[in-house]
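Beneath this line is the structure, given in structure tokens, with notes to follow.
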Amino acid sequence: MSQSSFNTGLGARRAVDVRVYPPRPKRSGKSRREELEAKLAALQKDYAELHTEIFEAAQVHRRLCAPRLVRHGDFEIASEIFAVRHLPGDFFTVEETHSGVILALGDICGKGLAAGMWTTHLVGLVGARVAVSSEPESIVAGVNRDLCLTESAVPLASLFLAKLDPITGVVKYCSAGHPPALLLRANGELEFLSAGGLLLGVVPAAGYVSGSFELRAGDVLMIYSDGITESLNSTGEEFGYGRLEAQLRSAQAGAGDAVLFSVLGAVQDFAAACPLVDDMSLAIVRRDSC
């Protein structure tokens, strides 16, 4: 290639390669700030709406559960539930039927909104079964079948269900994988109530059995979720059954609602500033002393 041809080709290539870009408009700092402020305002609005909806859902849960204090004849029933996240996966219901008072304390495996939403379903299943049967083992078996047949991935759940005759004081109960309830007699004897069967949601045809006892004057029945015994202190130690029994004994002489707050206070003092590791529910049934 000649020098003139080389120069001509280079000049042509340079002419092609030269690109002219229009200057970019400069965005003022003020408009950028306004855009960020608008996004922040939108996020704050979304958060406020979500907070309101969670609060309303918690109120629905509260209405599904029993009032904190209920009386049936000589029997005082006190209960309380604490959530570790937003909505509790625990529930406690009291329903009066023609054959007695049905008490049900359940615990959905898991925490937070998902567990809290499942409690609504489980409370509904319990209510539907109570409407057609008065026997605890039959109610629990029916709830288990219904839960297993739900067309979605259901979580496991434990349930302690009892039927109290407020006239005779006889209690029939069935526990589906739930921590054993404690029956403290007026004379100091302690019984662990665990008759029942598997956790709910495991096997549709699971069999359940019931136990029974008489709740006499001065006796105290304590039903609770594992969030009580598994509460941790700053060293990672669990509250445990020993402390639970000791606190129940020390508060036994008080009214049902006094026993409730005595036990909850002991758990809170034990955990101190440590956060909850699981939802906590506690129910006390006490028959008045003669």
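Starting with the highest mean, order 98-106, 125-133 by the number of other Cβ atoms within 10 Å, averaged over the residues of each peptide. Walk me through the numbers on the way to the answer.
Values: 98-106: 20.4, 125-133: 16.6.
Descending packing order for the listed peptides: 98-106, 125-133.
When only Cα pairs under 8 Å and 6 or more residues apart are kept, what is the percent relative contact order across segment 61-121? It would help to have the intermediate numbers written out before the result.
Numbers: 92 pairs, mean separation 18.8, N = 61.
Relative contact order here is 31 percent.
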In nanometres, the difference between 0.36 nm per residue of separation and the alpha-carbon distance of ALA42 and ARG63 is 4.4 nm
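Taking every pair of distinct Cα atoms and averaging 1/r, then inverting, what Kirkwood hydrodynamic radius in Å comes out for segment 149-226? Present the calculation step by step, with values, prior to reporting the outcome.
Values: mean 1/r = 0.0731 Å⁻¹.
When all Cα pairs of segment 149-226 are included, the Kirkwood radius is 13.7 Å.
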Modelled FRET efficiency - R0 25 Å, ALA217 with SER133, Cβ distances, 0.05 increments: 0.25
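Highest mean first, how do 148-160, 80-92 rank when packing is the count of other Cβ atoms within 10 Å averaged over residues?
Numbers: 148-160: 16.2, 80-92: 22.7.
Final packing ranking: 80-92, 148-160.
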Distances over 12 Å make up what percent of all Cα-Cα pairs in segment 204-243? 74
Stretch gain in nm, segment VAL277-ALA255, where the contour uses 0.36 nm per residue and the Cα spacing is subtracted: 5.1 nm
Taking the alpha-carbon set of segment 77-207, what are its Rg and Dmax in Å? 14.7, 49
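Under a 1.4 Å probe, what is the accessible area of segment 215-290 per residue, stated in Å²?
The answer is 40 Å² per residue.
The values are calculated or read from the model by the stated rules, or taken from the named source; none is laboratory data. Everything numeric here is computed off the predicted structure, so don't read it as measured data. Here the Cβ is made from the backbone with ideal geometry for all residues, glycine too, and neighbour counts use every protein chain on show. Each accessible area value is taken on the protein alone, full model and side chains, heavy atoms only, with ligands, DNA and RNA left out. Shrake-Rupley method; radii C 1.70, N 1.55, O 1.52, S 1.80 Å.
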